[in-house]
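Trainee: Here you go, one structure.
The values are calculated or read from the model by the stated rules, or taken from the named source; none is laboratory data. Quantities reported herein were computed from a predicted structural model and do not represent experimental measurements. With ideal geometry, Cβ positions are generated from the backbone for all residues, glycine too; neighbour counts draw on all protein chains shown.
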Amino acid sequence: MMMDKRRGRVLGLPFPGVAGAHNAITDVAGVEVGTVTLISGEGPLVVGKGPVRTGVTAILPRGKANADVPCAAGYYALNGNGEMTGVVWIEEAGELQTPITITNTHSCGVTRDATIRWLVSHGVGTGQDWGLPVAAETYDGDLNDINGFHVTAEHTIAALDGASSGPVEMGSVGGGTGMLTYDFKAGNGSASRIVEIGGRSYTVGVFVQSNFGRREDFMVLGVPVGRHIGQGKLRGKDQGSVIAIVATDAPLLAHQCKRLARRVPIGLARTGTVGNNSSGDIFLAFSTANEASFAQRSGIVSMEALPNGDLDKLFMATVEATEEAVIDAMLCAETMTGRDGNTAIALPHDQLLTVMRQFGRL
């Protein structure tokens, strides 16, 4: 399928690395992504009625068909002013046992509980008599009636049921509907990289719900773009958060997944952020390898794993895909007006390309 014409590579931005077929987290075989987008109303905020600019995103590491099989996983928080449920057990067990949902800050508990309902209704077990789903959030209250609690369990279940492989819709969709990045409209973004290690090919895919950054700090491939596009600020300050999910089919153990998650901030830093106090920057990485071993619930299991000395290409892939995912989250979003007439402008492609040419990057 043709790549979205708004994405950076199509516009000519020279991102490094070799991307997968869809340049998305779904290039890792088995990974499925679903979204439900809620947009309604306009004008003054009336709590409980709108305007509504929000939604929910669901990520199934092994898809619906193998949702009961855990993955090796690890998480890392650059700054903890945010929420990702379920990570205490991931830290303890080294396994991701549930789908992942991402939404707005005040609906995170709803999507967590709805995921349990989905697991029960689909007969999906976790290897225990209970589930500890991963649910994460970023703040969309600049545009959305966040205290109106418009995301429901039914929306979450619809996102899980509707998850699929293939191209991932980006920008103002799903949990990213009401989000901003560097004071431009943003939301969901994704990218992937193909790497060769020891004669075998592996894929790394990154998904971000991007909602952070001060305009003046914004960088694209080393160019200080934010200093040259000053119009239309809504926040005028660093506020918000970023959730990143890293997937790979490379055989990794839990501690190695954590090492991948720890590389996400390097990719974010390439776009200009320093991880401000108000930003909840939380990241989770998982490996879909060793499926048969994770499906085995008892006895001795054997697992493949890359040696630590071979991880550098995966680290680079994570950094590169994170940077590109954030920028594509912005490029794929369109200007949006929400509560009280607040308007988040889209990153203007023509001005971006002009600045990039001025700095010799096109």
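Trainee: Return only the number of the condition from (1) within 18 Å of Val246 (Cβ to Cβ); (2) at pLDDT 95 or above; (3) not hydroxyl-bearing (Ser, Thr, Tyr) that Gly272 does not satisfy.
Mentor: Gly272 satisfies every listed condition except (1).
Trainee: Next up: Before we move on, is Asp328 at pLDDT 95 or above, within 30 Å of Ala67 (Cβ to Cβ) and not in a helix (DSSP H, G or I)?
Mentor: No, not satisfied.
Trainee: Right, something else. Is it fair to say Asp183 is over 30 Å from Lys258 (Cβ atoms), modelled with pLDDT of 95 or more and in contact with a helix residue (DSSP H, G or I) (Cβ under 6 Å, 6 or more places away or on another chain)?
Mentor: Numbers: over 30 Å from Lys258 (Cβ atoms): yes; modelled with pLDDT of 95 or more: yes; in contact with a helix residue (DSSP H, G or I) (Cβ under 6 Å, 6 or more places away or on another chain): yes.
In short, yes.
Trainee: Could you check Glu323 against (1) within 14 Å of Tyr202 (Cα to Cα); (2) buried (at least 24 other Cβ atoms within 10 Å of the Cβ) and say which number it fails?
Mentor: All conditions pass for Glu323, except number (1).
Trainee: In the list Leu260, Leu252, Leu268, Leu362, which residue meets the criterion of being touching a residue at least 40 places away in the same chain (Cβ under 8 Å), crowded, with 24+ Cβ neighbours inside 10 Å and in a loop (DSSP other than H, G, I, E, B)? Steps first, please.
Mentor: Values: Leu260 fails: in a loop (DSSP other than H, G, I, E, B); Leu268 fails: in a loop (DSSP other than H, G, I, E, B); Leu362 fails: crowded, with 24+ Cβ neighbours inside 10 Å.
From the options Leu260, Leu252, Leu268, Leu362, the qualifying one is Leu252.
Matching residues to (1) within 13 Å of the chain's Cα centre (by Cα); (2) surrounded by fewer than 24 Cβ atoms within 10 Å (Cβ to Cβ); (3) of a type outside the set (Lys, Arg):
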| site | (1), (2), (3) |
| --- | --- |
| Gly175 | yes, no, yes |
| Leu180 | no, no, yes |
| Ala186 | yes, no, yes |
| Ile197 | no, yes, yes |
| Ser201 | no, yes, yes |
| Glu216 | no, yes, yes |
| Ile229 | no, yes, yes |
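Trainee: Could you tell me which residue of segment 81-104 is nearest to Asn276 (Cα to Cα), considering only residues that are out of contact with any Pro (no Cβ under 8 Å at 6 or more places or on another chain) and surrounded by 22 or more Cβ atoms within 10 Å (Cβ to Cβ)?
Mentor: Per the criteria, the residue is Gly82.
Quick grid of which residues meet (1) buried (at least 18 other Cβ atoms within 10 Å of the Cβ); (2) part of a helix (DSSP H, G or I); (3) under 16 Å from the mean Cα position of the chain (by Cα):
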{"position": "Gly30", "(1), (2), (3)": "yes, no, no"}
{"position": "Asn66", "(1), (2), (3)": "no, no, no"}
{"position": "Tyr75", "(1), (2), (3)": "yes, no, yes"}
{"position": "Leu78", "(1), (2), (3)": "yes, no, yes"}
